[in-house]
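Here the structure is laid out as structure tokens; the discussion comes afterwards.
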Amino acid sequence: MAETGRAAVFLGPGKPFEIRELPLPALEAGAVLIRVTLANICGSDLHFWRGGAPLALPPDGWIFGHEMTGRVAILGAGVGTDSLGQPLRAGARVAFSYFYPCGRCHVCLRGQRAACPNKVGRATGPGEFPHWVGAFAEYYYLRPGGFIFRVPDALPDALVSPVNCALSQVIYGLTQTGLGFGDSVVIQGLGGLGIQATAVAREMGAGTIIALDQLDGRLELAGAFGADHTLSLAEVPDRKARVRQVRDWTGGRGADVACGFVGFPPVVPDGIEMLRYGGTCLEIGCISRGRTVEFDPSSLVWGSKRILGVVMYDPWVIPRALDFLERCRARYPFERLVSHTFPLEKINEAFREAEWHQRGAAASGITRAALTP
Ligand SMILES: [Zn+2]
Ligand SMILES: [Zn+2]
């Protein structure tokens, strides 16, 4: 096996990635080295790349990216199975989490591992052990205690790569809202998260699903993923008119659940306003600090509404996400989620393309660009 591998090193917003050759690490007991086969460019990666997300960049740069899948390259001492006890060998295809709840803090002890304040830790540079800390590289180092699951043979990589971020995130978030049988759901923002949330809400028993975006291609894709109604922000630019339309589609009441996947604070109050009395607003998209929005908290109080912030998920979600894909892959066009793939060397081009499409320059249904390291 090779002693080194290639990684795309990020040197800061506005600078091109640099492809570097790095040594493979000596594995700690309990760790797993994974050969990355597909790494998606997630919306949050674009935030880092643009400079919109908080980041203490290590002096020698940073390998990032987190939405990925791969094969076991090397198993550390003591690892013979995945997190569910299934045998694990070199070459096995796996899905795994990229964050590490500490298990020893007040929050973890309360059973809220997804909210553990220590689950991400400080960013380390490529020169520092374990070197391989991100998806945009040939290898990823799964730290001891990391959650890892075998992938069913029937699922291709393009379906599995969104599992450890977008898909698990929306399954966990929707579960946290308490979404119930027949509930109406508003989905704001139809990138990777919003599109998959549409199918997940459908499979969780949602009644009416209303999907909002400004790009026609994405609205069309939401329809294919189970949305009953789509609402174009380009066609209905007036927010009051949008709220009225959502009320019309929900028996005059407003939605039971509204989900914010946009990452654009000004639309957060719209979601709250689209809720019925006692409804729940799930916010996942806004990860950039310092971007604010004016909002009247009395609308929460008088409407008895909840806002729920969720970042990442509890590890039980990954096997559920894989089951969901196996069960429902014929029902929704999951293969349309990863729309463009690029070799690792073309990472700069891949980011430019992903940005171009996310900004709406092309009204296509593109959701994810991916790298094949
Ligand atoms: Zn992500
Ligand atoms: Zn913790």
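Summary of values
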quantity: Qualifying residues in region 206-219 (those that are part of a loop (DSSP other than H, G, I, E, B) and of a type in the set (A, V, I, L, M)) - the one surrounded by the fewest Cβ atoms within 10 Å (Cβ to Cβ); calculated: LEU215
quantity: Failed criterion for GLU203 (all others in (1) under 19 Å from ARG331 (Cα atoms); (2) surrounded by 24 or more Cβ atoms within 10 Å (Cβ to Cβ) hold); calculated: (2)
quantity: Strands (runs of 3 or more DSSP E) lying entirely in region 220-325 (those with 3 or more residues that are free of Cβ contacts under 8 Å to residues at least 60 places away in the same chain); calculated: 229-232, 275-283, 306-309
quantity: Matching residues, region 34-44, being closer than 18 Å to ASP157 by Cβ and either assigned to a strand (DSSP E or B) or not hydrophobic (A, V, I, L, M, F, W, C) (or both); calculated: ILE34, ARG35, VAL36, THR37, LEU38, ALA39, ASN40, ILE41
quantity: Pick from region 348-360, criterion more than 17 Å from the chain's Cα centre (by Cα) and surrounded by fewer than 17 Cβ atoms within 10 Å (Cβ to Cβ), ranking: modelled with the lowest pLDDT; calculated: GLY360
quantity: Any hit, region 110-123, residues being more than 16 Å from ligand 2 (Cβ to nearest atom) and at pLDDT below 95; calculated: yes
quantity: Residue under evaluation TYR313, criteria (1) closer than 28 Å to VAL9 by Cα; (2) modelled with pLDDT of 95 or more; (3) out of contact with any helix residue (DSSP H, G or I) (no Cβ under 7 Å at 6 or more places or on another chain), criterion not met; calculated: (3)
quantity: Candidate set: region 45-74, residues that are assigned to a strand (DSSP E or B) and touching a Ser or Thr at 6+ places or on another chain (Cβ under 9 Å); chosen: the one farthest from ligand 1 (Cβ to nearest atom); calculated: ARG71
quantity: Those residues of region 181-205 which are assigned to a helix (DSSP H, G or I) and of a type in the set (A, V, I, L, M, F, W, C), in sequence order; calculated: LEU193, ILE195, ALA197, ALA199, VAL200, ALA201
quantity: From ARG104, ARG50, ARG35, residue being among the charged types (D, E, K, R), out of contact with any Asp or Glu (no Cβ under 6 Å at 6 or more places or on another chain) and within 16 Å of ligand 2 (Cβ to nearest atom); calculated: ARG104
quantity: Count - residues of region 165-184 that are touching a Phe, Trp or Tyr at 6+ places or on another chain (Cβ under 6 Å) and either within 16 Å of ligand 2 (Cβ to nearest atom) or not aromatic (Phe, Trp, Tyr) (or both); calculated: 2
quantity: Options ALA77, ALA2, ALA29; residue that is farther than 29 Å from THR292 by Cβ, more than 16 Å from ligand 1 (Cβ to nearest atom), free of Cβ contacts under 8 Å to residues at least 40 places away in the same chain and over 26 Å from the mean Cα position of the chain (by Cα); calculated: ALA2
quantity: Cross-chain or 6+ apart pairs with Cβ under 8 Å, region 329-354 first and closer than 19 Å to GLY226 by Cα, then outside any loop (DSSP other than H, G, I, E, B) and among the polar types (S, T, N, Q); calculated: LEU337/GLN196; VAL338/ASN40
quantity: Hits in region 101-123 (condition: away from ligand 1 (no atom under 16 Å from the Cβ), part of a loop (DSSP other than H, G, I, E, B) and either of a type outside the set (Gly, Ala, Ser) or touching a residue at least 12 places away in the same chain (Cβ under 8 Å) (or both)); calculated: PRO101, CYS102, GLY103, ARG104, CYS105, ARG110, GLN112, CYS116, PRO117, ASN118, GLY121, ARG122
quantity: Pairs where the first residue, in region 166-185, is within 7 Å of VAL257 (Cβ to Cβ) and the second is in a helix (DSSP H, G or I) and away from ligand 2 (no atom under 16 Å from the Cβ), C-beta under 7 Å, 6+ apart; calculated: LEU179/ALA201; VAL185/ALA201
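A quick yes/no check of all residues on (1) surrounded by fewer than 21 Cβ atoms within 10 Å (Cβ to Cβ); (2) more than 21 Å from LEU212 (Cβ to Cβ); (3) not charged (D, E, K, R):
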residue: VAL262; (1), (2), (3): no, no, yes
residue: SER298; (1), (2), (3): yes, yes, yes
residue: ALA321; (1), (2), (3): no, yes, yes
residue: PHE334; (1), (2), (3): no, yes, yes
residue: LYS346; (1), (2), (3): yes, yes, no
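A quick yes/no check of all residues on (1) under 23 Å from the mean Cα position of the chain (by Cα); (2) surrounded by 12 or more Cβ atoms within 10 Å (Cβ to Cβ); (3) aromatic (Phe, Trp, Tyr):
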| position | (1), (2), (3) |
| --- | --- |
| PRO87 | no, no, no |
| ALA115 | yes, yes, no |
| ASN118 | yes, yes, no |
| THR124 | yes, yes, no |
| TRP132 | yes, yes, yes |
| ALA135 | yes, yes, no |
| PHE149 | yes, yes, yes |
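The values are calculated or read from the model by the stated rules, or taken from the named source; none is laboratory data. Remember, predicted model here, so these are calculated numbers, not experimental data. Positions of Cβ are backbone-derived with ideal geometry, glycine not excepted, and every protein chain shown enters the neighbour counts.
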